[in-house]
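See below for the structure under consideration.
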Amino acid sequence: MSLASYIGCNKKIPISDEDSSDLIIIGDCFSNKYNQLNVKKYQLSTPYVYEVSSHWGIEISEYVNKRTCAESKKKLMRLCEIMDGHLEKGDFFELYSCWVGEEADKREGELVLQFTSFDIDQIEIPEKTLVRFEKNN
């Protein structure tokens, strides 16, 4: 199984080039359209859903090894940089990570963060947690 991370937003954003070597790729990796429909139906509140990948999902938790957690923090910061270029003041995006095939399972947590003012070392984002990133400036 693979840990997939999905984002939801209220407007279309561009898919990454297939040859991109960026830390975060926006586009299909582990999931298929069925998985994306389920995450949209059961987890996200937005009309547009994308898988975000770097060959493993984003999970920041004491239950993952330190290396994976550190990589997830870098991925999340890069994702926020990318989304900052697509969102305007008052916009938001949602992030949800789960094992492929578990998109319709019960959500285990929710978190709201201000887009540019959270401390990456003070948050936990375990799998099956919906995180809403709000852009207020």
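Being surrounded by 12 or more Cβ atoms within 10 Å (Cβ to Cβ), touching a residue at least 12 places away in the same chain (Cβ under 8 Å) and either under 19 Å from Ser72 (Cβ atoms) or of a type outside the set (A, V, I, L, M, F, W, C) (or both) is the filter here, so list the residues in the range 1-21 that pass it. Passing the criteria: Ser2, Leu3, Ala4, Ser5, Tyr6, Ile7, Gly8, Asn10, Lys11.
A Cβ distance below 9 Å, combined with a sequence gap of six or more or placement on separate chains, defines the contacts here; from the range 107-125, residues that are closer than 21 Å to Ala70 by Cα and free of Cβ contacts under 8 Å to residues at least 60 places away in the same chain reach residues that are loosely packed, with under 11 Cβ neighbours inside 10 Å and not basic (Lys, Arg) in the pairs Gln114/Asn137; Phe115/Asn137; Thr116/Asn137; Ser117/Asn137. Looking at the range 108-130, which of the residues that are out of contact with any Gly (no Cβ under 6 Å at 6 or more places or on another chain) and of a type in the set (Val, Ile, Thr) is nearest to Gly57 (Cα to Cα)? Out of the qualifying residues, it is Ile125. Going by the structure shown, is Ile120 touching an Asp or Glu at 6+ places or on another chain (Cβ under 8 Å) and either modelled with pLDDT of 90 or more or over 20 Å from Glu51 (Cβ atoms) (or both)? Taking the combined requirement at face value, the residue does not satisfy it.
Among the criteria (1) surrounded by 12 or more Cβ atoms within 10 Å (Cβ to Cβ); (2) part of a loop (DSSP other than H, G, I, E, B), the one His55 does not fulfil is (1).
Inside the range 35-80, residues that are charged (D, E, K, R) and without any contact (Cβ under 8 Å) to a residue 24 or more places away in the chain make up a count of 3.
I'm trying to understand the selection: among the residues of the range 81-106, which are touching a strand residue (DSSP E or B) at 6+ places or on another chain (Cβ under 6 Å) and either modelled with pLDDT of 95 or more or surrounded by 19 or more Cβ atoms within 10 Å (Cβ to Cβ) (or both)? Those that are touching a strand residue (DSSP E or B) at 6+ places or on another chain (Cβ under 6 Å) and either modelled with pLDDT of 95 or more or surrounded by 19 or more Cβ atoms within 10 Å (Cβ to Cβ) (or both): Met83, Phe92, Phe93, Glu94, Leu95, Tyr96, Ser97.
The values are calculated or read from the model by the stated rules, or taken from the named source; none is laboratory data. On a predicted model such as this, the values are computed, not experimentally measured, just so you know. Counting neighbours? That spans all protein chains shown, and the Cβs are built from the backbone with ideal geometry, glycine included.
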